[in-house]
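Colleague: Sharing a structure with you now.
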Amino acid sequence: MAAKAIPSLLLIAVFCIGGRSPASAEESTTSPPVQTLVDRVLVAVGDTPITAYQLAFETEVRAQIAASPRKQGLGRLLNEAVDPLEALIFREILRRLPPARTISVDEAVARSRLRLFEGSFETPSASASFRARWGIDRTALLEFFKESVVLDEVVKLSVVVQVSEQEKRNYYERNKNRVFGDKPEAAVSDFIAQQVYLLKFEAEYNSWRSRLRANAQKRYIGR
């Protein structure tokens with residue numbers, strides 16, 4: 001399933017209340033009340049609006065994930081310690097990158113994320129209450145996590161780092177007493193390679209993220 005086939009779950013969602021149309025009295029007696037849009041646009045990224053409804057949903061989702069002991073299983077982008085509106089803006093920027101249109105969804109990972117999220121609630125009824133409150137079913141929530149899998153993969157493919165032997169040696173020398181207890185470098189080489197990679201990845205990711213964010217076409221409209 002290509003990324004371009006995945007709808008943004010809340011991009012088209014609206015938060016509505018019943019209200020009377022400003023039509024004639026005759027029309028109002030023969031027609032049911034129309035839905036009055038009360039949502040508002042906060043930011044536009046290119047021609048895509050980000051609304052107060054989306055922000056409220058994102059805020060609740062991220063708070064629920066942050067309280068979960070298994071939150072790392074829900075991926076990088078949903079775990080980042082950033083303002084929810086900024087998280088929404090960045091995900092919209094990622095959707096516009098070429099890889100997001102070609103990456104296939106790993107269904108198993110998406111379903112695992114859905115189960116982890118549902119399991120973060122105290123009871124199944126609390127999870128069902130969350131969906132009911134937002135007017136979404138499990139299928140729609142699964143689509144949300146499918147997109148999160150795709151966009152996390154966009155990050156992995158876009159941020160490429162290489163670890164040199166010198167960098168690994170330097171890391172070992174800095175930490176051989178405090179971390180490794182004077183174990184020989186060969187005995188901890190795999191751990192060293194992993195740690196150096198993670199450190200370099202985070203530095204490059206933050207730089208790449210800042211560049212994308214700065215170059216994106218966006219307009220703040222209101223909060």
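The values are calculated or read from the model by the stated rules, or taken from the named source; none is laboratory data. In this text the structure is predicted, and so the values were computed from the model without any measurement. In this analysis, Cβ positions are derived from the backbone assuming ideal geometry, glycine residues included, and neighbour counts consider all displayed protein chains.
Colleague: Does residue 166 satisfy being under 30 Å from residue 187 (Cα atoms) and outside the structural domain of residue 190 (by TED's automatic domain parsing)?
Modeller: Criteria not met by residue 166.
Colleague: Report yes if some residue within region 160-176 is within 21 Å of the chain's Cα centre (by Cα), farther than 30 Å from residue 114 by Cβ and in a helix (DSSP H, G or I); otherwise report no. If you could, list the steps in order and put the result at the bottom.
Modeller: Initial filter on region 160-176 (within 21 Å of the chain's Cα centre (by Cα)): 160.
Those left that are additionally farther than 30 Å from residue 114 by Cβ: none.
No, that holds for no residue.
Colleague: Now a separate question. Looking at 221, 192, which one is exposed (fewer than 14 other Cβ atoms within 10 Å of the Cβ), more than 17 Å from residue 76 (Cα to Cα) and not charged (D, E, K, R)?
Modeller: Going through 221, 192 in turn, just one is exposed (fewer than 14 other Cβ atoms within 10 Å of the Cβ), more than 17 Å from residue 76 (Cα to Cα) and not charged (D, E, K, R): 221.
Colleague: Further question on the same structure: Applying the selection to region 182-223, what residues are aliphatic (A, V, I, L, M) and within 19 Å of the chain's Cα centre (by Cα)?
Modeller: 212, 214, 216
Colleague: Hey, among 69, 84, which residue is closer than 22 Å to residue 213 by Cα and either surrounded by fewer than 18 Cβ atoms within 10 Å (Cβ to Cβ) or not β-branched (Val, Ile, Thr) (or both)? Reasoning before the result, please.
Modeller: Working: 69 fails: closer than 22 Å to residue 213 by Cα.
So the residue among 69, 84 that is closer than 22 Å to residue 213 by Cα and either surrounded by fewer than 18 Cβ atoms within 10 Å (Cβ to Cβ) or not β-branched (Val, Ile, Thr) (or both) is 84.
Colleague: Can you report the number of residues in region 155-183 which are touching a residue at least 60 places away in the same chain (Cβ under 8 Å) and not β-branched (Val, Ile, Thr)?
Modeller: 1
Colleague: Wholly within region 69-153, which helices (runs of 4 or more DSSP H) include no fewer than the required count, namely at least 3 residues that are within 18 Å of residue 50 (Cα to Cα) and among the hydrophobic types (A, V, I, L, M, F, W, C)?
Modeller: 84-95
Colleague: OK, next. Of all residues in region 101-134, which are closer than 22 Å to residue 72 by Cα and among the polar types (S, T, N, Q)?
Modeller: Within region 101-134, 104, 112, 120, 123, 127 qualify.
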